[in-house]
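All remarks here apply to the structure that follows.
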Amino acid sequence: MRIDELFAGTDRPVFSFEFSPPRTPEGERNLFEAIAALEPLEPDFVSVTYGAGGSTRAKTIEIVQRIREAHGIEAMAHFTCVGATVQRLRETLDAMLAIGVENVLALRGDPPGGQEEWVKTPGGLEYSRELVDLIRRDYPFAIGAACFPETHIHATSADDDLRHVKEKVDAGASFLITQLFYDNRFYYDFVARARAIGIGVPIVPGIMPITNVAQIERITALCGSCIPDRLERELRLREDDADAAKDFGVAYATLQCADLLANGAPGIHFYTLNRSPATRAILSALRLTRPWERPGAPVMALT
């Protein structure tokens, strides 16, 4: 099913999970165990990332196909410009089309490992907007794109960053998924600014439950997301107790998601890190309490 039609055709939140192609047979077994554990929760769709530099292109397509065929879950392939000519991009899109993929998340992508600066591949594309335009013109996929409530780390300004997001939407992106964040006010402010300049597509918050303090500090440092002071203090109290940190992370993410859904978010996209326990607990609690049926809950304030 096309994800843009899914958002247009329902009055309830859309829930989705993100996975990454594993590097080992054991990792692949763990991945599909996590997917099997999440399957009873009936996610609306899942997405599968590319590795750094587009290094898992074939594996991404293989996993998307397996999820769709073996588990009956709609799966969206991430798709980047990195390391590929336009001809290679078209070959990959043709391969996706051949196995029945209907949804693509179009991204510029990160530079290959060991390369800090983004460099356009000769004969390739430089911007995700160009990739969105290529897909829209020549392929029938529903196209998603990324956005950044706290501004992309390479953007010259928040206004410039938002202008680039609008270019992607104008080129054909029909829904947006945000970078992870831990203070909902960034999301609300971003949505308000996006609507003010004419971006009308669904903007889905991307949520990564905190299950390991050191790990989340590394991830937020890389992507430029901040950990609010009060949250940081609570995490510090638990950094030497892995179970306590996980329990707190699940509780916090559940509250964060409930607040977002009560205040109009069209769904939640969970960054799973290929694990299921935290997201299973959070989504089960959300479906039990149904915060979207109680609009106008107070906004979380963490500073």
Run LEU255 past the list (1) open to solvent by 60 Å² or more (accessible area, probe 1.4 Å); (2) outside any helix (DSSP H, G or I); (3) under 30 Å from THR10 (Cβ atoms) and report the number of the one that doesn't hold. (2)
Log entry, pairs with first residue in region 285-296 being of a type in the set (Lys, Arg), second being open to solvent by 80 Å² or more (accessible area, probe 1.4 Å), beta carbons closer than 9 Å, six or more apart or on different chains, reads ARG290/ARG12
State the number of residues belonging to region 197-250 that are under 23 Å from the mean Cα position of the chain (by Cα) and either among the hydroxyl-bearing types (Ser, Thr, Tyr) or not in a helix (DSSP H, G or I) (or both). 22
Within region 117-139, can one find any residue that is within 20 Å of ALA221 (Cα to Cα), open to solvent by 10 Å² or more (accessible area, probe 1.4 Å) and modelled with pLDDT of 95 or more? no
Can you say whether PRO40 is surrounded by fewer than 22 Cβ atoms within 10 Å (Cβ to Cβ) and not hydroxyl-bearing (Ser, Thr, Tyr), as far as the supplied structure shows? yes
Pairs with Cβ under 9 Å, 6+ apart, first in region 119-148 and under 18 Å from ASP4 (Cβ atoms), second part of a helix (DSSP H, G or I) and polar (S, T, N, Q): ALA145/SER128; ALA146/SER128
Top-ranked residue in region 152-171 [being at pLDDT 95 or above and within 17 Å of the chain's Cα centre (by Cα); ranked as surrounded by the fewest Cβ atoms within 10 Å (Cβ to Cβ)]: VAL169
Going residue by residue through region 173-180, is there one that turns out to be in a loop (DSSP other than H, G, I, E, B), on the phi > 0 side of the Ramachandran plot, out of contact with any Phe, Trp or Tyr (no Cβ under 9 Å at 6 or more places or on another chain) and surrounded by 15 or more Cβ atoms within 10 Å (Cβ to Cβ)? no
Within the bounds of region 213-226, is there any residue that is of a type in the set (Gly, Ala, Ser) and open to solvent by less than 30 Å² (accessible area, probe 1.4 Å)? yes
Would you confirm, using the coordinates I've provided, whether ASP189 is of a type outside the set (Val, Ile, Thr), under 24 Å from ILE268 (Cα atoms), out of contact with any helix residue (DSSP H, G or I) (no Cβ under 7 Å at 6 or more places or on another chain) and surrounded by 19 or more Cβ atoms within 10 Å (Cβ to Cβ)? no
Could you grab me the full set of residues in region 49-88 that are farther than 21 Å from TYR139 by Cα, open to solvent by 20 Å² or more (accessible area, probe 1.4 Å) and at pLDDT 90 or above? ARG66, GLU69, ALA70, HIS71, GLY72
Is there a residue in region 71-81 that is of a type in the set (Gly, Ala, Ser), in contact (Cβ under 8 Å) with a residue 60 or more places away in the chain and in contact with a strand residue (DSSP E or B) (Cβ under 7 Å, 6 or more places away or on another chain)? no
Could you grab me the full set of residues in region 81-104 that are within 18 Å of ILE3 (Cα to Cα) and in a loop (DSSP other than H, G, I, E, B)? ILE99, GLY100, VAL101, GLU102
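The values are calculated or read from the model by the stated rules, or taken from the named source; none is laboratory data. The shown structure was predicted, so the numbers you read here are calculated from the model rather than taken from an experiment. Counting neighbours? That spans all protein chains shown, and the Cβs are built from the backbone with ideal geometry, glycine included. In case anyone asks, the SASA skips ligands and DNA or RNA and just uses the protein heavy atoms, side chains included. Shrake-Rupley method; radii C 1.70, N 1.55, O 1.52, S 1.80 Å.
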